[in-house]
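The values are calculated or read from the model by the stated rules, or taken from the named source; none is laboratory data. Worth saying up front: this structure is predicted, and the values here are computed from it rather than measured. Cβ: placed from backbone, ideal geometry, glycine included. Neighbour counts: every protein chain shown.
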Amino acid sequence: MTEMRNLLMLALLTASILSSGAYAADWDPAPDPASDGAGDKTRTPIVFVHGQSGAGDQFERQWMHFTSNGYPANWVVPFDYSTAVWDRGPGGARAPQPVGPYTTSTTADLDKFVDAVRARTGFDKINLAGHSRGTSESAAYLSDPARAAKIAHYASIGGGNASNPNGVPSISISGMGDFRPGPGASDGGKVGWVPAYMDHVMTCTSDESFWEVFTFFNDGEKPRTLRMTPEERPQVGGYVKSYIHNKPLGDASVEVWEVDPATGIHAAKAPLATLDVDALGQWGPFSAKPGQTYEFVVNGTAAKRPPRFFRTPFIHSDRMVYFRIAAAAEGYESSPFDKAPQILSDKSPVFVVRHQNGALLPGVMSLTIDGTELIVDPIIETTKEPRQNAKVAIYLADGNADGKSNLTTLEGFAGMFVSSADLFIAANPAKTVQFKLNDNVINVPALPASEAGPISVVFEDFN
């Protein structure tokens with residue numbers, strides 16, 4: 001009965017929005033066929049190697065920075081790989097780095113990927129950037145002179161020292177807020193610093209990090225802008241892959257829904273576009289309306305409920321929008337909700353709120369849900385320095401099913417970069433839940449978790 005009442009209320013509210021005429025069907029989402037050909041193709045292409053539990057969207061903000069500074073859209077590309085196992089080369093995870101050429105379980109695939117980028121772009125050498133674990137994978141790649149000969153410059157971000165391996169000019173970028181005490185270099189390598197308040201993730205995503213990498217990759221030339229260039233028709237696309245293993249989910253599709261930014265409710269009876277996912281996991285692009293709020297619904301992943309994502313409106317093209325799914329498919333990695341399915345009840349919604357660009361920093365940021373501050377103890381430990389407290393996402397659910405918000409953490413819903421909070425919001429599709437990160441607002445309907453599953457709310461900085 002509760003589910004029927006919720007569905008009826010949602011239908012009535014959606015009909016009200018549609019009848020108001022506020023959202024005329026006047027936007028053509030067709031992609032711009034010339035978008036891939038735009039940009040300065042004399043720039044050396046960049047391959048990015050992500051870190052542990054990550055994917056290419058760790059470089060999402062920097063992709064927008066590089067394209068705002070003239071790089072072609074397909075000149076900055078992610079190399080995705082499984083982080084389920086970390087061998088770190090001969091001897092296992094705790095062994096010291098070998099002397100001379102060595103490989104990890106990832107090296108051969110990275111070499112093929114680099115060769116494919118070289119062949120596609122016509123460059124003999126490309127630039128390589130690694131973050132965190134990605135610097136270990138990159139070190140193995142560069143340990144062999146034949147592989148190193150394919151790399152023009154290397155940026156080690158939040159990881160190993162810059163040591164100009166096999167003669168490849170290198171830079172190490174980090175800061176005092178990172179896990180390790182600042183960048184290091186030897187054998188002629190360079191260092192680049194980010195501010196001390198920045199965490200391990202921000203060493204990769206910040207404006208300061210971009211400035212250092214761009215300048216180094218372009219032999220001293222400075223970026224012309226640190227702003228995301230506003231566009232009339234941002235081209236938006238990305239990847240659908242399994243969590244941790246990063247297996248492409250090629251049978252999936254992505255529905256793109258325009259929503260009322262004031263409520264998060266669909267503005268039409270049908271999605272603006274439905275985009276197939278190819279064998280490489282790629283979807284899109286589509287032409288986004290600048291400033292329009294969208295909900296993305298991913299179908300065909302074998303997830304029990306189609307995953308749903310709300311994101312900050314786009315003002316610049318973004319080809320690094322990842323939907324990483326914990327689904328019963330090849331490369332399956334269970335989510336906390338698989339282990340605690342009772343949390344997905346018809347009484348309240350469940351959310352996963354994420355800051356795409358780094359940690360939720362006490363004293364620097366404010367994150368509220370319907371006015372309740374979440375950057376508080378014990379959700380985010382306010383007494384810890386960034387290097388010990390790099391939490392980029394928070395699970396939000398009524399964990400003990402008592403209909404109250406206790407703001408305690410949820411057992412089984414935490415990790416190295418993730419926290420959680422016991423938070424109760426009554427399920428009601430006609431009710432709007434307001435998420436606010438500093439001055440950025442994303443409004444989402446309070447859909448019951450039994451129907452909608454966990455809803456992801458992703459904040460992206462376009463400043």
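Filtered by the rule that a residue be in contact with a Leu (Cβ under 6 Å, 6 or more places away or on another chain), of a type in the set (A, V, I, L, M, F, W, C) and outside any strand (DSSP E or B), region 422-463 gives Leu423, Ala449.
Would it be correct to say that Asp87 is over 22 Å from Pro183 (Cα atoms), at pLDDT below 95 and charged (D, E, K, R)? Yes; evaluated as a whole, the condition is true for this residue.
Pairs are defined by a Cβ separation below 6 Å, a sequence spacing of at least 6 or placement on different chains, a first member in region 361-376 that is in the same structural domain as Asp439 (by TED's automatic domain parsing) and closer than 17 Å to Asn406 by Cα, and a second member that is at pLDDT 95 or above and of a type in the set (S, T, N, Q); the pairs so defined are Asp370/Gln434.
The set of residues from region 29-76 being crowded, with 22+ Cβ neighbours inside 10 Å and of a type in the set (A, V, I, L, M) comprises Ile46, Val47, Val49, Ala55, Met64, Val76. If you scan region 33-69, which residues turn out to be among the acidic types (Asp, Glu) and modelled with pLDDT of 95 or more? Asp40, Asp57, Glu60, listed by residue number.
Within region 157-171, being assigned to a loop (DSSP other than H, G, I, E, B), under 19 Å from Thr103 (Cβ atoms) and either modelled with pLDDT of 95 or more or not assigned by TED's automatic domain parsing to the domain that holds Thr44 (or both) holds for one residue alone: Val168.
Scanning region 248-307 for residues that are of a type in the set (Gly, Ala, Ser) and within 18 Å of the chain's Cα centre (by Cα) yields Gly281, Gly284. Among the residues that make up region 235-244, is at least one of them buried (at least 22 other Cβ atoms within 10 Å of the Cβ), touching a strand residue (DSSP E or B) at 6+ places or on another chain (Cβ under 9 Å), within 26 Å of Tyr294 (Cβ to Cβ) and polar (S, T, N, Q)? Within region 235-244 (the criterion being buried (at least 22 other Cβ atoms within 10 Å of the Cβ), touching a strand residue (DSSP E or B) at 6+ places or on another chain (Cβ under 9 Å), within 26 Å of Tyr294 (Cβ to Cβ) and polar (S, T, N, Q)), the answer is yes, since at least one residue qualifies. Checked against (1) touching a strand residue (DSSP E or B) at 6+ places or on another chain (Cβ under 8 Å); (2) in a helix (DSSP H, G or I), Ile379 meets all criteria but (2).
For (1) farther than 24 Å from Asn440 by Cβ; (2) in a strand (DSSP E or B); (3) free of Cβ contacts under 8 Å to residues at least 24 places away in the same chain, each residue gets a yes or a no:
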| site | (1), (2), (3) |
| --- | --- |
| Val191 | yes, yes, no |
| Pro195 | no, no, yes |
| Asp199 | no, no, no |
| Cys204 | no, no, no |
| Val213 | yes, no, no |
| Thr229 | no, no, no |
| Gly250 | yes, no, no |
| Ala270 | yes, no, yes |
| Leu275 | yes, yes, no |
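I'm trying to understand the selection: among the residues of region 187-207, which are under 20 Å from Asp318 (Cα atoms) and in contact with a Phe, Trp or Tyr (Cβ under 9 Å, 6 or more places away or on another chain)? Answer for region 187-207, where residues must be under 20 Å from Asp318 (Cα atoms) and in contact with a Phe, Trp or Tyr (Cβ under 9 Å, 6 or more places away or on another chain): Val201, Cys204, Thr205. One residue stands out in region 287-304 among those that are of a type in the set (Ser, Thr, Tyr) and not in a loop (DSSP other than H, G, I, E, B): the one that is nearest to Asp28 (Cα to Cα), namely Ser287.
The residues listed here are Ser450, Ser405, Ser420; of these, the one that is among the polar types (S, T, N, Q) and closer than 12 Å to Phe351 by Cα is Ser420. With the condition kept exactly as written, say whether any residue in region 145-156 is in a loop (DSSP other than H, G, I, E, B), surrounded by fewer than 24 Cβ atoms within 10 Å (Cβ to Cβ) and not polar (S, T, N, Q). Yes: one or more hits.
Exactly one residue out of Thr225, Thr215 is among the hydroxyl-bearing types (Ser, Thr, Tyr), under 15 Å from Ser170 (Cα atoms) and more than 21 Å from the chain's Cα centre (by Cα), and it is Thr215.
Matching residues to (1) in contact with a Phe, Trp or Tyr (Cβ under 7 Å, 6 or more places away or on another chain); (2) farther than 18 Å from Val201 by Cα; (3) modelled with pLDDT of 95 or more:
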position: Val350; (1), (2), (3): no, yes, yes
position: Asn357; (1), (2), (3): no, no, no
position: Leu360; (1), (2), (3): no, no, no
position: Gly363; (1), (2), (3): no, no, no
position: Ile369; (1), (2), (3): yes, yes, yes
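Screening Leu226, Leu280, Leu275 for residues that are closer than 16 Å to Met320 by Cβ and surrounded by fewer than 18 Cβ atoms within 10 Å (Cβ to Cβ) leaves exactly one candidate, Leu280.
What number of residues in region 192-210 are of a type in the set (A, V, I, L, M, F, W, C) and either over 30 Å from Lys391 (Cβ atoms) or surrounded by fewer than 17 Cβ atoms within 10 Å (Cβ to Cβ) (or both)? Here the count works out to 1. Of the numbered criteria (1) within 26 Å of Ala55 (Cβ to Cβ); (2) crowded, with 18+ Cβ neighbours inside 10 Å; (3) in contact with a strand residue (DSSP E or B) (Cβ under 6 Å, 6 or more places away or on another chain), the one Ile265 fails is (1). Taken over region 1-32, the criterion of being among the aromatic types (Phe, Trp, Tyr) and modelled with pLDDT under 50 is satisfied by Tyr23 alone. Output the qualifying pairs, or none if there are none: Cβ atoms under 8 angstrom, residues six or more apart or on different chains, first residue in region 147-173 and under 22 Å from His200 (Cβ atoms), second residue basic (Lys, Arg) and in a strand (DSSP E or B). What qualifies is Ala162/Lys190; Ser170/Lys190; Ile171/Lys190; Ser172/Lys190. Going through region 409-424 one residue at a time, which ones are within 18 Å of Leu361 (Cα to Cα) and surrounded by 14 or more Cβ atoms within 10 Å (Cβ to Cβ)? If the condition is that a residue be within 18 Å of Leu361 (Cα to Cα) and surrounded by 14 or more Cβ atoms within 10 Å (Cβ to Cβ), then Thr409, Ala414, Phe417, Val418, Ser419, Ser420, Ala421 are the ones that fit.
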